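K.L.:
This is the structure I have questions about; it appears just below.
The values are calculated or read from the model by the stated rules, or taken from the named source; none is laboratory data. The structure presented is a predicted model; accordingly, all values stated were derived computationally and were not measured. No Cβ is skipped: glycine too gets one built from the backbone with ideal geometry, and neighbour counts run over all protein chains shown.
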Amino acid sequence: MHWYSVRIMRKPVMAGNWKMYKTAAETSAAIAKLAPMVAAASHVDVVICAPFVNLPAAIQVSSATKIEIGAQDVFWLKEGAYTGEVSARMLTAIGCRWVIIGHSERRQYFGETEETVAKKTVAALEAGLKPIVCVGERLEQRESGSTEAVLEAQFIGGLGALTPEQFAGIVLAYEPVWAIGTGKTATPQMAADAHGFLRQQIVNRFGAEPAEACRILYGGSVKPDNIKALMAQPELDGALIGGASLDPASFAAIVNF
Ligand code: PGA
């Protein structure tokens, strides 16, 4: 028995994170190959998150397809003397629709914090982008039993300050760091437990309805051969896929699970 009474249909999102892979020409070729393979997937949102420099090519080649394009990061200010940064307005101006915020690789290697995640999320929403906000524990945190404390701190610190209206515009991604790029997928039950915990955080902060409406993606070694079992968990509303999204046939198999 759930704590909510009305079941809201959550449309799954399958988002490929192409990280620092592919040139612009390789990006165009891969999306052109992928598009017909996912054309019939009306039951899911299909997103490719590409490096900034490849976004124009990705947006152009996906324009008449069901694939939407996202960035992998964004800066929180509108403009200014911030060498190397890209604003949310610059992204929407070229037709970018989504953005990943707070990916564990950015937290780990580029100093991303709860505070920067919060600021970037608000900036993205204000510009009309759909943020995919990532949370997830490291291996030693899971092993020491602090997974829930870590997820709670990341959730409250990163998204707790949003208004309910703002919160309605985000997609959450649970990505246990130990499962990213390692081939070690969380079991469907482990993922569902973490999603359930996050959904309870949403209930506590924003209420039952926003919690029921929020799409929570799982990420970490998602492959064509484990997507069915993961998606069989009602708590999972899609996936954020790294390595297995780079090959069009593999990503299409995940989208069409
Ligand atoms: P992976 O990456 O699928 O290669 O584990 C997932 C991610 O980093 O979003």
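K.L.:
What number of residues within region 133-178 are within 19 Å of residue 10 (Cβ to Cβ) and among the polar types (S, T, N, Q)?
P.N.:
1
K.L.:
Now for a separate question. Can you work out which of the residues in region 23-51 that are hydroxyl-bearing (Ser, Thr, Tyr) and modelled with pLDDT of 95 or more is surrounded by the fewest Cβ atoms within 10 Å (Cβ to Cβ)?
P.N.:
Looking at residues that are hydroxyl-bearing (Ser, Thr, Tyr) and modelled with pLDDT of 95 or more, I get 23.
K.L.:
Quick one: how many residues across region 204-217 are away from the ligand (no atom under 16 Å from the Cβ), of a type in the set (A, V, I, L, M, F, W, C) and buried (at least 18 other Cβ atoms within 10 Å of the Cβ)?
P.N.:
So the count comes out to 3.
K.L.:
Six or more apart or on different chains, Cβ atoms under 6 Å: show the pairs whose first residue is in region 227-241 and of a type outside the set (A, V, I, L, M, F, W, C) and whose second is within 15 Å of the ligand (Cβ to nearest atom).
P.N.:
Qualifying pairs under 6 Å: 228/257; 237/216; 238/13; 238/14; 238/217.
K.L.:
Hey, among 108, 141, which residue is polar (S, T, N, Q), outside any loop (DSSP other than H, G, I, E, B) and within 16 Å of the ligand (Cβ to nearest atom)?
P.N.:
108
K.L.:
Among all residue pairs at least 6 apart or on different chains, which show Cβ distances below 8 Å where the first residue, located in region 107-133, is at negative phi and of a type in the set (S, T, N, Q) and the second is surrounded by fewer than 19 Cβ atoms within 10 Å (Cβ to Cβ) and in a loop (DSSP other than H, G, I, E, B)?
P.N.:
Sorted first by the residue in region 107-133, then by its partner, the list stays empty.
K.L.:
In addition: Name the residue that is farthest from the chain's Cα centre (by Cα), counting only residues in region 146-170 that are among the small types (Gly, Ala, Ser) and modelled with pLDDT of 95 or more. Show your work before the answer.
P.N.:
In the first step, residues of region 146-170 are kept if they are among the small types (Gly, Ala, Ser); the result is 146, 149, 153, 157-158, 160-161, 168-169.
If we keep only those that are modelled with pLDDT of 95 or more as well, we get 146, 149, 153, 168-169.
Values: 146: 23, 149: 21, 153: 18, 168: 15, 169: 13 Å.
Top of the filtered list is 146.
K.L.:
Looking only at region 218-257, filter to residues that are buried (at least 17 other Cβ atoms within 10 Å of the Cβ) and of a type in the set (Asp, Glu); which one of those is nearest to the ligand (Cβ to nearest atom)?
P.N.:
237
K.L.:
Taking region 119-129 as the region of interest, how many residues are part of a helix (DSSP H, G or I) and over 15 Å from the mean Cα position of the chain (by Cα)?
P.N.:
Taking region 119-129 first, the residues part of a helix (DSSP H, G or I) are 119-127.
Retained after the next criterion (residues that are over 15 Å from the mean Cα position of the chain (by Cα)): 119, 122-123, 126-127.
Number satisfying all stated conditions: 5.
K.L.:
Is there a residue in region 163-181 that is surrounded by fewer than 17 Cβ atoms within 10 Å (Cβ to Cβ) and in contact with a strand residue (DSSP E or B) (Cβ under 7 Å, 6 or more places away or on another chain)?
P.N.:
Yes, because at least one residue in region 163-181 is surrounded by fewer than 17 Cβ atoms within 10 Å (Cβ to Cβ) and in contact with a strand residue (DSSP E or B) (Cβ under 7 Å, 6 or more places away or on another chain).
K.L.:
For region 105-158, enumerate the residues that are among the small types (Gly, Ala, Ser) and either in contact with an Asp or Glu (Cβ under 6 Å, 6 or more places away or on another chain) or surrounded by fewer than 18 Cβ atoms within 10 Å (Cβ to Cβ) (or both). Steps first, please.
P.N.:
At the first step, the residues of region 105-158 found to be among the small types (Gly, Ala, Ser) are 111, 118, 123-124, 127-128, 136, 144-146, 149, 153, 157-158.
The answer is 111, 128, 136, 144, 145, 146, 149, 153, 157, 158.
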